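Engineer: First the structure, which I've put down as structure tokens, then a few questions once you've had a look.
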Amino acid sequence: MRRRGQDFRRPVRRRISNVVWWTLCGIVVLFFIFVLSKESQIESRPTIARRSERLDKIMEGLNITDEMLNSDSVTRQLTDQISLAKAFVVIAKESNNLQFAWELSAQIRNSQALLSNAATRRTPLSTRESETAIRDMALLLFQAQQLHYDSATMIMRLKAKIQALEEQMSSVSEKSSKYGQIAAEEVPKSLYCLGVRLTTEWFGNLNLQRRLKERKQMEATLKDNSLNHFCVFSDNILATSVVVNSTALNSKNPEKVVFHLVTDEINYTAMKAWFAINSFRGVTVVVQKFEDFKWLNASYVPVLKQLQDSETQSYYFSGSGGDARTPIKFRNPKYLSMLNHLRFYIPEVFPALKKVVFLDDDVVVRQDLSALFSIDLNGNVNGAVETCMETFHRYHKYLNYSHPLIRSHFDPDACGWAFGMNVFDLVEWRKRNVTGIYHYWQEKNVDRTLWKLGTLPPGLLTFYGLTEPLNPSWHVLGLGYTNVDPQLIENGAVLHFNGNSKPWLKIGMEKYKPLWEKYVDYTHPLLQQCNFH
């Protein structure tokens, strides 16, 4: 029995030793946990402080206060009520409920005054001072809901309002474009007056006719390929004068400059008179009219042939026929004018010349252009400044790539270029029969499915693969419709007022007009008589 008692007591002593051991281990573990937690608290304090500072800065930048973030804030309640009330005001007016709209507007002003006063004194609104305003606004909002100004109705009506405004804006934009186009095509009274007075002066002054005959004796000069030959096709006397005058004033050797001007029958006499009266630093000027070109007839020129078509006449001159949605600018009859298309017949107009610089009548020359005549075109026909710095000046902008004929012949991402200042190698032109290429594409477009607008699209087709890119400083565009980088203007040799806002019109861009007016002598007696200013 004693042995059993001893055996029984031994396990008891082992249990006590195990308890002590596990207790000590637990104390040690707890001690380590306590130490580690203390260290982590010490380390986290700067991080929490930094986050707090960053959050404060964000809140300060957004001008958000604790009061506004608080869902129980009366300021927030008032602000939400005002936003909702403003929407209901719009719907009430649309529903012709003007009395209710007035009541809402009055309560909105009252609530805004409370918020303004609180902001001025820099203390939050108290429940007591805002209680009445919140209650009154809540009653009006409840009344709005009873009038079926619920969210769904509000959304539908706002959508309808937005759609109506978009349609109105589209209509206004279309009218603006139409009236702008009409204004751009208008002949100012002063220009009309100048033409009449010059014509009268020509027939009443024999000295002018004698002076012009003396100039005509210089036939050799007009065919001398060692000189710098420029051509301008225009019916605008003053604009053409600015081109000639600006070129002459900026030319290092004006006596080597020859201007070939081509106009129509109506303006021929007045144009001759103006350039007989005025001299331009020794620049040679010859005036012709395209009606004298016997080869310019319907059997040779597709544009003249198309003018005989009744459908074409209806499209351009009566405004009927074709797609009624076609913008007015695509129906401008000037795009059928021979003065506009004569640029494709330059070798026929000047059969003795080898190289010509073509200038539009809405440009101003700011530098000597003699270097253009020594530029190597590398076997190409046309030297022009490319305009594909932006994607909308590539071929796909001007041509109809849904047409298989266009799609199979031309790269849609090919770089566009500009008419207005072009160097033409007439020897290469004749060798490659470029005018024949133009005729081909013009005849293919008799139904206007390849392109719609102007002479640039057929130019892009005609001179495709035959155009040498020039330095962009030779030709700066956009002064008639957009803002142009002043640095480009400063370095530009030829500034082009392309667009509707021509500098001689009232709609011209005022900040660019001085660049053009610099070359107009407003003290000239004829200009004063015609009220040019």
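The values are calculated or read from the model by the stated rules, or taken from the named source; none is laboratory data. Please read these numbers as outputs of a predicted model, since none were measured by experiment. Neighbour counts run over all protein chains shown; Cβ positions are idealised from the backbone, glycine included. We work out accessible area using only protein heavy atoms, side chains counted, and drop any ligands, DNA or RNA first. Shrake-Rupley method; radii C 1.70, N 1.55, O 1.52, S 1.80 Å.
Engineer: Go through S374, S130 and list them by solvent-accessible area, largest first, probe radius 1.4 Å.
Structural biologist: On the way: S374 95, S130 0 Å².
I get S374, S130, largest accessible area first.
Engineer: Normalised by the number of residues in segment 388-533, what is the relative contact order in percent for Cα pairs under 8 Å and 6+ residues apart?
Structural biologist: Working: 138 pairs, mean separation 22.8, N = 146.
Relative contact order, segment 388-533: 16 percent.
Engineer: On full extension of the chain, what length is gained from H396 through T482, given 0.36 nm per residue of separation minus the C-alpha to C-alpha distance?
Structural biologist: Numbers: separation 86, 0.36 × 86 = 30.96 nm, distance 2.17 nm.
So the extension gain works out to 28.8 nm.
Engineer: Additional query: Once phi is turned into ³J(HN,Hα) by the Karplus curve 6.51 cos²θ - 1.76 cosθ + 1.60 with θ = phi - 60°, what whole-Hz value does each residue of segment 231-238 show in order, with x for glycine and proline?
Structural biologist: Values, residue by residue: 10, 9, 10, 7, 10, 9, 5, 5 Hz.
Engineer: Residues of segment 344-371 with amide nitrogen under 12 Å from the 7 Å Cα-to-Cβ point of L249?
Structural biologist: 364-367
Engineer: With r defined as the distance between the Cβ atoms of A138 and E443 and R0 fixed at 56 Å, what FRET efficiency is calculated, to the nearest 0.05? All intermediate terms of the calculation are to be shown ahead of the outcome.
Structural biologist: Values: r = 75 Å, r/R0 = 1.35.
Taking R0 as 56 Å, the efficiency between A138 and E443 is 0.15.
Engineer: Please give the length that would be gained between N433 and S370 if that part of the chain were fully extended, namely 0.36 nm times their separation in residues minus their C-alpha to C-alpha distance (nm, one decimal).
Structural biologist: Details: separation 63, 0.36 × 63 = 22.68 nm, distance 2.68 nm.
Value of the extension gain: 20.0 nm.
Engineer: Quick check: residue separation of L304 and L453 times 0.36 nm, minus the Cα distance between them. What number comes out in nm? The partial results should precede the final answer.
Structural biologist: Working: separation 149, 0.36 × 149 = 53.64 nm, distance 1.68 nm.
Additional length available on full extension: 52.0 nm.
Engineer: Next question. Order of 393-406, 108-121, 448-461 by packing, highest average Cβ count within 10 Å first? The partial results should precede the final answer.
Structural biologist: On the way: 393-406: 16.2, 108-121: 13.9, 448-461: 19.5.
Descending packing order for the listed peptides: 448-461, 393-406, 108-121.
Engineer: Shape of segment 452-527 from its Cα gyration tensor (a ≥ b ≥ c, root eigenvalues): rounded if a/c is under 1.5, otherwise prolate when a/b > b/c, or oblate? Don't jump to the answer; show the numbers that get you there.
Structural biologist: Working: a/c = 2.13, a/b = 1.67, b/c = 1.27.
Cα axes put segment 452-527 in the prolate bin.
Engineer: Starting from the amide H of E386, placed 1.01 Å from N in the peptide plane, find each other amide H under 5 Å away whose residue is 5 or more places distant or on another chain.
Structural biologist: Hits under the 5 Å cutoff: L470.
Engineer: Related question: With respect to the cross-link table entries K294/K355; K189/K252; K294/K518; K355/K397; K256/K294; K305/K431, which display a Cα-Cα separation exceeding 32 Å? Don't skip to the end; give the middle numbers.
Structural biologist: Details: K294/K355 23 Å; K189/K252 36 Å; K294/K518 39 Å; K355/K397 30 Å; K256/K294 30 Å; K305/K431 25 Å.
Check vs 32 Å cut-off fails for K189/K252; K294/K518.
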